[in-house]
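Everything below concerns the one structure shown next.
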Amino acid sequence: GRFRPSAAYRRQTVPVRQTVAPLPEAVSMEALRKELETARRERLQELGVCDEAIAASELKPLGAHRELAEVTVEPPRKLGVVPRSASKGSALDAPLRVMQFNVLADGLSDDGFLVRPVLKDWPVGLGQVPSASGEAVEYRQVLDAIMAAKGDEEALLALKAKFSLPITKRNCRAVADWTARELQIQLLILAADRPDILIFQELDHFGSMSESLHRLGYSSQLPGCRTRYRPAHLDGFGANDGEQLKTFVKQLQDAGHTFLPSLGSTCMSIALQSGEHAQGMREAISAQGYEPELIDEARGGLKKRCFNGFAPGTEGLLRAAGIFDEADPARLDDDGIAVFWREDRLTAEGFEVHFPSPVWGCGVLEARLRTREGRRQVTVISAHLASGSKSADEDKRLSQEVAAPGGLADVVAKARRQASQVAAHGQRPAVVVALDANAYPQLRSKDGKSSVYSSLRDAAGASVWDDHFGPNGEELSAEAGVLQAPVTSNKLRGPDSDQPRKIGEHAYSCIDHIFFDPGSMELQAHVLPPQRFPSQEAALECLQPSLRNPSDHFPVIVDLVGAREA
């Protein structure tokens, strides 16, 4: 039926911008860093992580930080040693530090990642893996066996039977624990000297993250807006047709939070069907007669995207299932795209949401910011494109999300045209595009020529990877026998994965990008040095996520300065 916002949504007029007080200026960031690190250590100790692993994962302050990959493939480099000094003749008074990060959704983190042993009660040596027979096997031997069995489902199932044990699952969950990772994300931000703009994908705890980052001096809500964040799924918002989209976008802009959820996300669906929530949710759905709408009888689980536009909203079901948290309604949420900015450096003027095609979840978030010093407008555009590493997947991304009329490339090109028009009368606005494209520069569509990377680079004008990849994605920086081109993803599903066919698939590519308009900005430096390895085999020694890097992606952190001619 026609969507009507619930009574609970209509009642949301309480002026509570944040529930956590901003950090007083008198309190140093170092004191806050110590507080967060203490909380992280306490959480990891609760999970049974050994002291050695905890200590090794601490992110040191600037000037003492090693690489997130925990492996030295070049002479040691430091995070954040690049000073924030503008280039001569720059139209900006200081570099704009930008952080792009797929933070790995909590709801997607229990995916059987192959991770290093970290538990205190690990039954064998830390360089070994226990087996069902009680035998201790060297970690590298297990890794080699997984890679050798790749594609052989029978062999992979045998490996799963041998190496997937309660202790290995607990080890993986300790590494992927959201409470500890949320603290480590904040510590990473502090280690990077608090970037001016943060762009996250796969964030399924926007409510708590926005409150936590407020203590670090960040905002994610438009000035003048005071409505407390409330997940869209609770009130049945949808993106299935033009009318639903219009209502949804109006709700987003009225509330003023720069967060675009993926309505009906797989992330939330998994959370509702696993562990403590599963039985209560199924009973609530049955008791309220929603099985035909929500349950896929053939699979025995929730239908895909079933809560996208679920008119009653999920609050009633969650209450009946005993899941709804009165004190924290945002505890269970869809994952999505978020933009945060440092309040002492920038202010927000508005944002727009674009849906390039009728395909759900393919939204683009465009935030308009302005620097407090210099008063330059900065347009930040972000998206999280569909997954898949084959040419057919690239075709789909191009046709439905990037190159479609009104798609991401059009949004970027329009922002750049508008910047050019403003430049005719004053200072040229900056345009920054940060995203998880799920597409690496070398990937091509079926025609062998077109690609997401080249389309977006053409639309924006430049990429922070220009020293490493050409305009069409060809590798420039791979040094034979020394280092390969940068990657932002280095993960592998192990025997604990519930998808045996995907065990051994090594995701090793550069899929996270920051593009920018060279008419207004230029790259000064990578604050976090690009993650590069001598070989794909060498990269297997430092798979992600880890206690040190709180995601299965590496963050991309750069300093952009005003172009000399701007």
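The values are calculated or read from the model by the stated rules, or taken from the named source; none is laboratory data. These figures come from a predicted structure and were not determined experimentally. Glycine gets a Cβ as well: all are built from the backbone with ideal geometry, and neighbour counts include every protein chain shown. SASA here: full protein model, heavy atoms, side chains in, ligands and nucleic acids out. Shrake-Rupley method; radii C 1.70, N 1.55, O 1.52, S 1.80 Å.
Not counting ligands, DNA or RNA, and with a 1.4 Å probe, what is W341's accessible surface area in Å² rounded to the nearest 10?
10
Multiplying the sequence separation of R372 and D254 by 0.36 nm and subtracting their Cα-Cα distance, what value in nm do you get?
40.1 nm
Run the accessible area of the range 297-363 with a 1.4 Å probe and give the carbon-and-sulfur part as a rounded percent.
49
With the dipole of the chain worked out from charges on the C-beta (+1 for Lys and Arg, -1 for Asp and Glu) around the Cα centre, which of S477, P329, L159 lies farthest toward the positive end?
In the chain, that residue is P329.
What accessible surface, in Å², does a 1.4 Å probe find on Y508, ignoring ligands, DNA and RNA and rounding to the nearest 10?
In the full protein context, Y508 sits at about 40 Å².
Per DSSP helix of 4 or more residues, -39500 (n - 2.57); summed, then divided by the residues of the chain. What does that give at 222 nm, rounded to the nearest 500?
-8500 deg cm²/dmol
What shape does the range 117-189 have by the C-alpha gyration tensor, where a ≥ b ≥ c are the square roots of the eigenvalues, rounded means a/c under 1.5, and otherwise prolate means a/b greater than b/c and oblate the rest?
The shape class here is prolate.
By per-residue mean of other Cβ atoms within 10 Å, what is the highest-first order of 402-411, 42-51?
By packing density, highest mean first, the sequence is 402-411, 42-51.
Counting only protein heavy atoms and a 1.4 Å probe, tell me what percentage of the range 390-478's accessible area is made up of carbon and sulfur.
Roughly 47 percent, rounded to a whole number.
In square angstrom, rounded to the nearest 10, how much accessible surface does S454 have for a 1.4 Å probe?
10
Stretched out fully, how many nm does the piece from E35 to R170 gain, at 0.36 nm a residue minus the Cα gap?
Extra length from E35 to R170 when fully extended: 46.0 nm.
Sequence neighbours fewer than 8 away in the same chain don't count; with that in mind, list the aspartates and glutamates whose C-alpha is under 15 Å from K396.
Counting by Cα, and skipping residues close in sequence, K396 has these aspartates and glutamates nearby: D447.
For the chain, return all DSSP H helices satisfying: extent of Cα atoms along own axis at least 18 Å; mean Kyte-Doolittle hydropathy at least -0.5.
178-191, 408-423
Can you sort S387, S551, S455 by solvent-accessible area, 1.4 Å probe, largest first?
S387, S455, S551
Give the separation of the Cα centroids, the range 381-421 to the range 154-226, in Å.
Value for the Cα centre distance between the two parts: 26 Å.
Per residue, how much accessible area does the chain show when a 1.4 Å probe rolls over the protein heavy atoms, in square angstrom?
The answer is 40 Å² per residue.
Cross-link list K34/K491; K169/K304; K160/K390; K250/K304; K120/K160: which exceed 28 angstrom alpha carbon to alpha carbon?
K34/K491
Tell me the Rg and the Dmax, in Å, that the Cα atoms of the chain produce.
Rg then Dmax for the chain, in Å: 23.2, 74.
Does the range 371-483 classify as rounded, prolate or oblate by the C-alpha gyration tensor (a ≥ b ≥ c root eigenvalues; a/c under 1.5 gives rounded; else a/b over b/c gives prolate, otherwise oblate)?
Oblate shape, in that a/c is at least 1.5 and b/c is the bigger or equal ratio.
Size of the dipole of the chain about the Cα centre, Lys and Arg at +1 and Asp and Glu at -1 on the beta carbon, nothing else charged, in debye to 20?
1300
Which of the three applies to the range 302-454, rounded, prolate or oblate, going by the alpha-carbon gyration tensor with a ≥ b ≥ c and a/c under 1.5 meaning rounded?
Judged from the Cα gyration tensor, the range 302-454 comes out oblate (a/c at least 1.5, b/c at or above a/b).
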